[in-house]
Amino acid sequence: MLWLEGPLSFLEQMCLLSFVANGHKVVLFHYGEVENVPNGIELVSANEIHEPKQFIMNNQFKTPVPQSDIFRLQLMKKTDFLWCDTDVLCLAPIPKADHIFGYFNNTTICNAIMRLPATSPALSAYTEYSLDPFPIRPWVESDERKELERQKSAGELPHASDQAHSVYGPDVLTWYLKDSGEIEHASPVSVFYPLPFRQTGQANDIHAREFRRAYLRDDTLAVHLWGRRMRWWIAKGIKRHSFLDRRLRNLGIRPGDAPLPVKGKGAPKPIEFPDALPALRVTHEEINQSTGGIMPIALISDREQHLKFAQNELDKIRTSDLYGVNDAPRDGYVRGWDHYNCDAARLNALGLSLFRFSNNHRYLPDLSNPKTVTEKLLVMKLFGEIPRASAADKLTAESFVPDAARSLLAPVKRYWESPSTELPDTLNLDPATYWLKCNNGQGKNLRLTWPIDDDQRKLANESLAAWNKSPIPHGFWAAEWWYSTIDTRFFIEEDLAAEGEDIIDWKFWVVAGKVQMVQVDRDRSRGHVQMIHDRDFNFIPKELYFKTSEDTEPRPKRYDDMVQIAEAIGQRVEFARVDLYAIGDKIYLGEITLCPFGGKRKMRTPELDRQLGDAWTGTRLFPSQ
């Protein structure tokens with residue numbers, strides 16, 4: 001599957017996990033950053049298959065469908081994968097075959113689910129057609145073709161982005177399959193496309209039992225959910241006991257955790273850039289090379305305005321000699337400015353941060369005079385001094401705690417640690433639940449139950465291999481460069497939560513060496529709530545990133561010790577969010593986060609962002625407000 005960039009919604013999560021539930025390995029290719037990716041899905045850079053010179057977006061509907069149509073053909077030329085759109089729900093394992101595709105009406109093959117062998121005549125001709133940015137449909141003949149060829153030569157033929165939404169889509173696929181005779185392999189409508197486009201809403205409007213009776217057949221393997229139309233249909237919510245509701249519940253997906261994007265009425269306002277930003281002084285190719293090829297040229301072109309704005313901000317910072325830009329860091333410390341050792345790399349890092357920030361906040365910050373904590377985090381990522389011993393390494397985070405405060409912590413028990421992507425057969429643990437984790441990534445964790453059976457061991461080894469395979473280091477898209485300095489290792493540690501319960505997270509926001517806010521996360525798997533308190537544990541009835549509750553947690557017995565630990569850690573950096581667990585009389589260190597959400601996420605209560613920003617003063621970066 002392919003997802004160009006951006007967060008997945010619960011609809012895509014459901015579809016991806018439906019294939020996993022039916023025994024398929026799922027690889028999600030992507031060009032930019034992808035968020036909300038469920039466990040069990042392997043992420044791979046789409047550049048490994050196809051690096052376009054530009055992204056072809058349909059200008060009428062503002063969707064990347066043409067680019068996706070091109071990518072899937074390149075995928076089949078180079079791999080033996082089965083292609084599926086991210087709005088396809090798998091109901092049963094799809095048998096492996098050279099030719100997999102099906103009718104979605106009486107006459108047309110849909111390309112949402114397809115597999116053609118690399119030797120396919122239809123695939124060869126179809127791929128050649130798809131690489132023409134000014135395509136002429138293959139069935140056009142005689143005088144009409146001559147006229148279109150004339151327009152093409154004269155530069156009058158519309159670009160693919162201004163042609164029909166399906167310029168590279170089903171009608172063209174059907175024509176080539178008929179022309180080669182391969183259409184004989186087509187499955188009937190009931191196999192992949194039992195839900196007609198005009199009845200899309202029935203997946204949510206009627207009871208699951210009625211839906212199955214009306215649309216599903218004995219030979220049905222998957223349901224194409226017509227994503228764009230389905231998103232519109234379910235924008236007001238999922239109806240209880242509907243087909244979608246049942247599928248979401250069976251897969252353990254909560255829509256509120258990965259909402260649908262907001263479009264149409266009430267859509268976010270456009271981002272306003274300053275007039276006449278100077279041209280870039282580095283080329284797109286230089287930026288591409290500075291990232292080791294991770295940033296494709298097409299994506300760099302798409303971000304040009306953000307890169308120009310980043311260049312403008314860096315020029316102001318250099319001219320005003322802010323943030324120690326012209327000085328070397330202290331001994332034993334490193335900075336992003338020095339880690340990114342050329343202007344192209346620095347420009348890309350700041351451009352990525354500004355792109356993520358502006359997409360969430362809908363404005364561009366003034367980095368020469370930042371006001372909020374989120375704006376200041378953007379500055380910190382590039383210019384903040386961080387000790388060489390990384391606080392972000394989950395395996396060594398405890399060594400980052402000063403000795404006096406470390407004595408207040410109970411060590412988390414670990415039973416295996418290795419760079420190996422396979423669990424040793426000789427590993428014997430007491431019967432209990434444990435966590436398999438990676439030391440330098442987000443979402444790379446898997447709960448295991450010992451004694452471990454063959455299925456769990458296979459899943460664990462597949463997870464380790466997937467965590468280790470990604471060519472894109474964790475933190476790249478957020479410009480959190482410190483993660484790339486950590487050698488990847490895997491480990492198993494004890495499960496601190498009581499059986500069947502969620503552990504409560506106590507997250508201490510240490511700004512300029514002092515705890516300014518305490519974030520308490522509860523019920524992550526059953527309706528996430530998030531309360532906040534001040535340093536003295538007074539409840540603040542405001543929302544941070546999730547809904548709050550007046551049903552607050554009691555003050556931990558050793559709360560003062562938790563504050564002491566967090567502030568001891570905070571003395572070594574400009575900012576830290578210190579995650580602790582309070583279990584009985586013991587305090588455990590979860591992790592140390594230097595830049596929550598990569599400095600992009602918008603707080604539900606903007607005044608909290610400003611208050612925390614006001615507290616960030618008296619430091620090397622921000623000596624005065």
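Among the candidates Arg577, Arg610, which residue alone is at pLDDT 95 or above, open to solvent by 20 Å² or more (accessible area, probe 1.4 Å), assigned to a helix (DSSP H, G or I) and in contact with a Ser or Thr (Cβ under 9 Å, 6 or more places away or on another chain)?
The conditions single out Arg610.
Out of all the residues in the range 11-45, which are small (Gly, Ala, Ser) and under 21 Å from Arg228 (Cα atoms)?
Ser18, Gly32
State yes or no: is Ser399 out of contact with any Phe, Trp or Tyr (no Cβ under 6 Å at 6 or more places or on another chain), over 23 Å from Lys586 (Cα atoms) and surrounded by fewer than 17 Cβ atoms within 10 Å (Cβ to Cβ)?
No; evaluated as a whole, the condition is false for this residue.
Sort out which residues of the range 99-142 are small (Gly, Ala, Ser) and open to solvent by 10 Å² or more (accessible area, probe 1.4 Å), and write them in order of number.
Within the range 99-142, Ala118, Ser124, Ala125, Ser142 meet the criteria.
Run down Thr372, Thr283 and say which single residue is at pLDDT 95 or above and more than 29 Å from Pro606 (Cβ to Cβ).
Thr283
Quick check: anything in the range 456-471 open to solvent by less than 40 Å² (accessible area, probe 1.4 Å) and in a loop (DSSP other than H, G, I, E, B)?
no
Do we find a residue being in contact with a Lys or Arg (Cβ under 7 Å, 6 or more places away or on another chain) and either in a loop (DSSP other than H, G, I, E, B) or hydrophobic (A, V, I, L, M, F, W, C) (or both) anywhere in the range 207-216?
Yes - at least one qualifying residue is present in the range 207-216.
Could you please give the count of residues in the range 375-400 that are without any contact (Cβ under 8 Å) to a residue 12 or more places away in the chain and more than 18 Å from Gly441 (Cα to Cα)?
1
Does Ala214 meet the test of being in contact (Cβ under 8 Å) with a residue 60 or more places away in the chain, at negative phi and of a type in the set (Gly, Ala, Ser)?
Taking the combined requirement at face value, the residue does not satisfy it.
For the range 175-194, does any single residue satisfy the condition of being loosely packed, with under 15 Cβ neighbours inside 10 Å, touching a Leu at 6+ places or on another chain (Cβ under 7 Å) and in a helix (DSSP H, G or I)?
No - not one qualifying residue is present in the range 175-194.
Which one is surrounded by the fewest Cβ atoms within 10 Å (Cβ to Cβ), of the residues in the range 51-94 that are closer than 22 Å to Leu11 by Cβ and hydroxyl-bearing (Ser, Thr, Tyr)?
Thr63
Would you tally the residues in the range 120-138 being assigned to a helix (DSSP H, G or I) and under 18 Å from Ile100 (Cα atoms)?
Matching residues across the range 120-138 total 7.
Mind checking whether some residue in the range 382-395 is over 30 Å from Val412 (Cα atoms) and modelled with pLDDT of 95 or more?
Taking every residue of the range 382-395 in turn, at least one turns out to be over 30 Å from Val412 (Cα atoms) and modelled with pLDDT of 95 or more.
Cβ contacts < 9 Å: first residue farther than 25 Å from Phe101 by Cα and in contact (Cβ under 8 Å) with a residue 12 or more places away in the chain, restricted to the range 145-171; second residue of a type in the set (A, V, I, L, M, F, W, C) and part of a helix (DSSP H, G or I), any location; separation 6+ or different chain. Result?
What qualifies is Leu157/Leu148.
Could you tell me whether the range 28-50 includes any residue that is surrounded by 21 or more Cβ atoms within 10 Å (Cβ to Cβ), aromatic (Phe, Trp, Tyr), in a strand (DSSP E or B) and in contact with an Asp or Glu (Cβ under 9 Å, 6 or more places away or on another chain)?
Checking the range 28-50: at least one residue is surrounded by 21 or more Cβ atoms within 10 Å (Cβ to Cβ), aromatic (Phe, Trp, Tyr), in a strand (DSSP E or B) and in contact with an Asp or Glu (Cβ under 9 Å, 6 or more places away or on another chain).
Where residues in the range 583-597 are of a type in the set (D, E, K, R) and out of contact with any strand residue (DSSP E or B) (no Cβ under 6 Å at 6 or more places or on another chain), which of them is surrounded by the most Cβ atoms within 10 Å (Cβ to Cβ)?
Lys586
Do we have Asp327 as in a helix (DSSP H, G or I), open to solvent by 10 Å² or more (accessible area, probe 1.4 Å) and within 23 Å of Leu367 (Cα to Cα) here?
no
Just to be sure, is Glu567 surrounded by fewer than 20 Cβ atoms within 10 Å (Cβ to Cβ), acidic (Asp, Glu), in a helix (DSSP H, G or I) and in contact with a strand residue (DSSP E or B) (Cβ under 7 Å, 6 or more places away or on another chain)?
Yes, satisfied.
Considering only the range 6-20, state which residues are touching a helix residue (DSSP H, G or I) at 6+ places or on another chain (Cβ under 8 Å) and either of a type in the set (Gly, Ala, Ser) or surrounded by fewer than 20 Cβ atoms within 10 Å (Cβ to Cβ) (or both).
Ser9, Ser18
Let's see how each residue does on (1) at positive phi; (2) under 23 Å from the mean Cα position of the chain (by Cα); (3) in a helix (DSSP H, G or I):
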position: Ala235; (1), (2), (3): no, yes, no
position: Val282; (1), (2), (3): no, no, no
position: Asn288; (1), (2), (3): no, yes, yes
position: Gly293; (1), (2), (3): yes, yes, no
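Does the range 243-262 contain at least one residue that is farther than 17 Å from Asp85 by Cβ, of a type in the set (A, V, I, L, M), assigned to a helix (DSSP H, G or I) and open to solvent by less than 50 Å² (accessible area, probe 1.4 Å)?
So far as the range 243-262 goes, yes, one or more of its residues are farther than 17 Å from Asp85 by Cβ, of a type in the set (A, V, I, L, M), assigned to a helix (DSSP H, G or I) and open to solvent by less than 50 Å² (accessible area, probe 1.4 Å).
Under the condition of being surrounded by fewer than 21 Cβ atoms within 10 Å (Cβ to Cβ) and in contact with a Ser or Thr (Cβ under 8 Å, 6 or more places away or on another chain), which residue from the range 368-389 is farthest from Ser624 (Cα to Cα)?
Ala389
From Ser399, Ser368, Ser353, which residue is polar (S, T, N, Q), part of a helix (DSSP H, G or I) and closer than 23 Å to Arg281 by Cβ?
Exactly one residue qualifies, and that residue is Ser353.
Would you pick out the residues in the range 486-540 that are open to solvent by 30 Å² or more (accessible area, probe 1.4 Å), of a type outside the set (Phe, Trp, Tyr) and at pLDDT 95 or above?
Ala512, Lys514, Gln516, Asp534, Arg535, Asp536, Asn538, Ile540
Listed residues Trp450, Trp416, Trp477; which is surrounded by 18 or more Cβ atoms within 10 Å (Cβ to Cβ) and either modelled with pLDDT of 90 or more or aromatic (Phe, Trp, Tyr) (or both)?
Within the list Trp450, Trp416, Trp477, the selection yields Trp477.
Kindly indicate the residue of the range 419-432 that is hydrophobic (A, V, I, L, M, F, W, C) and part of a loop (DSSP other than H, G, I, E, B) and also least open to solvent (accessible area, probe 1.4 Å) among those meeting that condition.
Ranking the candidates gives Leu423 first.
Of (1) under 30 Å from Asp560 (Cβ atoms); (2) open to solvent by less than 40 Å² (accessible area, probe 1.4 Å); (3) part of a strand (DSSP E or B), Trp435 satisfies all except one. Which?
Tallying (1) under 30 Å from Asp560 (Cβ atoms); (2) open to solvent by less than 40 Å² (accessible area, probe 1.4 Å); (3) part of a strand (DSSP E or B), Trp435 fails exactly one: (2).
The values are calculated or read from the model by the stated rules, or taken from the named source; none is laboratory data. Source: prediction; values computed, not measured. Cβ sites come from the backbone with ideal geometry, for glycine too, and all protein chains shown count toward neighbours. Please note that ligands, DNA and RNA were not included when accessible areas were found on the heavy atoms of the full protein model with its side chains. Shrake-Rupley method; radii C 1.70, N 1.55, O 1.52, S 1.80 Å.
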